[in-house]
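Contents: one structure, followed by commentary.
The values are calculated or read from the model by the stated rules, or taken from the named source; none is laboratory data. This one's a predicted model, so the numbers in the text were calculated from it and none came from an experiment. Neighbour counts run over all protein chains shown; Cβ positions are idealised from the backbone, glycine included.
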Amino acid sequence: MATARGWVSPSVLPGFGLTLGFAGLFLSFIVLIPMAALIIRAGSLPLDEFWRVATEPRALASYRLTFGASFLAACVNAVFGFIIAWTLVRYDFPGRRLVDAIIDLPFALPTAVSGIALATVFAPNGWLGMHLESIGVQVAYTWVGVVVALTLIGLPFVVRSVQPALEEVDVSLEEAAESLGASRWMVFRRVILPTVLPALATGFTLALARAVGEYGSVIFIAGNLPMRTEITPLLIVIKLEQYDYLGAAALGLVMLLVSFVMLLSINAINGWRIRRIAGRR
């Protein structure tokens, strides 16, 4: 049955047609139909009006902050998320289980609670903010605060993506490489990194996607200053409050297209890297 069609992989479990139909139906209702509605709604605007709304200075400033801060936060999470995952997997220390549980707190907390907590800590009169202000560093109500908030909500995606991959790395391969004279850096670059790179790229992509659409944790620490610390999701909410539904749809469509291109590019680069590593082997 499966081999006759050519494009269906053989499986011992029956019901491919039923599961494919259910998956397609579920995906259509949850993802495709809402996205199509957004495109149709934004497409009802004349092209010149759409271009005016999408490229007004306030919108362009929000794009730069939203996508720039999201990318920077995802890069920070990729580095420190890998370090945290490495520490949890490779070392046994007192409080390890507690640290492992704390990693999941951003998943459980409402984003508004995270934003209030960050504002309390990094505000000019906050626990850390007052000390940072004394040396001329301001976090709250600047783009730095936006990056901090996006880093907080994206960190668990990287840690939980990389952690299982590190657990599957065969330590004997590292020992064999070291016995053959490989340095620690070479062992990391040639043995460990190729194994965990797909998982790290997945965590980076998830953190980036989560950060682009974040709203609740950012608005409390950003200050929401037009042209400076105003993110695009907030600008969409403002237009909805003003009953400018077409303007909100236009901004939403821009975010949808840019996010799709970014994620598609990252997945394409990740696939190319995997094929290149497999070719070397």
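Assorted remarks:
- Of the helices (runs of 4 or more DSSP H) lying entirely inside the stretch 44-147, the ones with 3 or more residues being of a type in the set (S, T, N, Q) and assigned by TED's automatic domain parsing to the domain that holds V159 are found at 57-90, 111-122.
- Check on S265, assigned by TED's automatic domain parsing to the domain that holds V196, among the polar types (S, T, N, Q), modelled with pLDDT under 90 and surrounded by fewer than 13 Cβ atoms within 10 Å (Cβ to Cβ): yes
- Set D100, D92: member being closer than 24 Å to L193 by Cα and under 21 Å from the mean Cα position of the chain (by Cα): D100
- Screening V76 with (1) farther than 26 Å from M227 by Cα; (2) touching a helix residue (DSSP H, G or I) at 6+ places or on another chain (Cβ under 6 Å) gives one miss only, at (1).
- Counting the residues of the stretch 176-199 that are in a helix (DSSP H, G or I) and farther than 27 Å from D100 by Cα gives 6.
- Enumeration of residues in the stretch 146-183 that are modelled with pLDDT under 90 and either buried (at least 22 other Cβ atoms within 10 Å of the Cβ) or among the polar types (S, T, N, Q) (or both): S172, S179, S183
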